[in-house]
Amino acid sequence: MEIRLLGRDEELPMQLLLEADPSKELVVEYCAGGLVYAAELAGDIAGVYVLLPLTELAVEVKNIAVAESVRGQGYGKKLLRHALAEAERLGFSKVEIGTGNSSLDQLALYQKCGFRVDSIDRDFFTRNYPEPIIENGIVCRDMIRLVYTI
């Protein structure tokens, strides 16, 4: 897997980005203000993540997704580790990430990679998304915020 920064003139891998965040409007907005990295396998985009600077010292992994056809092969962990290394290279000392209360696999992955639960934004998803999100048979209501300190 080769991971590279997408050029501003390159088309966003929207289908993949929407797997992690169903709001096209929000995805377009934070991609415009962030750095979009694509992971390629055999010439196809198989993963993506977005780094969005928050302050001089803090950056957020705003979206991270792996194509369904290659899930379960360690690519998500590879992407996340690349994001942490890239954040450090860019001079950030704190990396934030948020996920839904129903995103059990993502919560496990982030903690395995060294993130710690920092806060909960109650009712984030019911406030910001018009349609209910259901994962693992659980209604996604709250945003679990996690932090990694470099």
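From the list L107, L57, the one residue that fits, being surrounded by 15 or more Cβ atoms within 10 Å (Cβ to Cβ), modelled with pLDDT of 95 or more, out of contact with any Leu (no Cβ under 7 Å at 6 or more places or on another chain) and aliphatic (A, V, I, L, M), is L107. The single residue among F115, F124 that is open to solvent by less than 90 Å² (accessible area, probe 1.4 Å) and either more than 25 Å from T55 (Cβ to Cβ) or in contact with a helix residue (DSSP H, G or I) (Cβ under 9 Å, 6 or more places away or on another chain) (or both) turns out to be F115. Among the strands (runs of 3 or more DSSP E) confined to the stretch 1-54, the ones with at least 3 residues that are touching a Leu at 6+ places or on another chain (Cβ under 8 Å) and of a type outside the set (D, E) are located at 35-41, 44-53.
Evaluate the following for K62: is it under 10 Å from the mean Cα position of the chain (by Cα), modelled with pLDDT of 95 or more, among the basic types (K, R) and open to solvent by 70 Å² or more (accessible area, probe 1.4 Å)? For K62, the condition - under 10 Å from the mean Cα position of the chain (by Cα), modelled with pLDDT of 95 or more, among the basic types (K, R) and open to solvent by 70 Å² or more (accessible area, probe 1.4 Å) - is met.
The values are calculated or read from the model by the stated rules, or taken from the named source; none is laboratory data. Just so you know, these numbers come straight off a predicted model, no measurement behind them. All Cβ positions, glycine included, derive from the backbone under ideal geometry; neighbour counts span all protein chains shown. Ligands, DNA and RNA are excluded from the accessible area calculation, which covers all protein heavy atoms including side chains. Shrake-Rupley method; radii C 1.70, N 1.55, O 1.52, S 1.80 Å.
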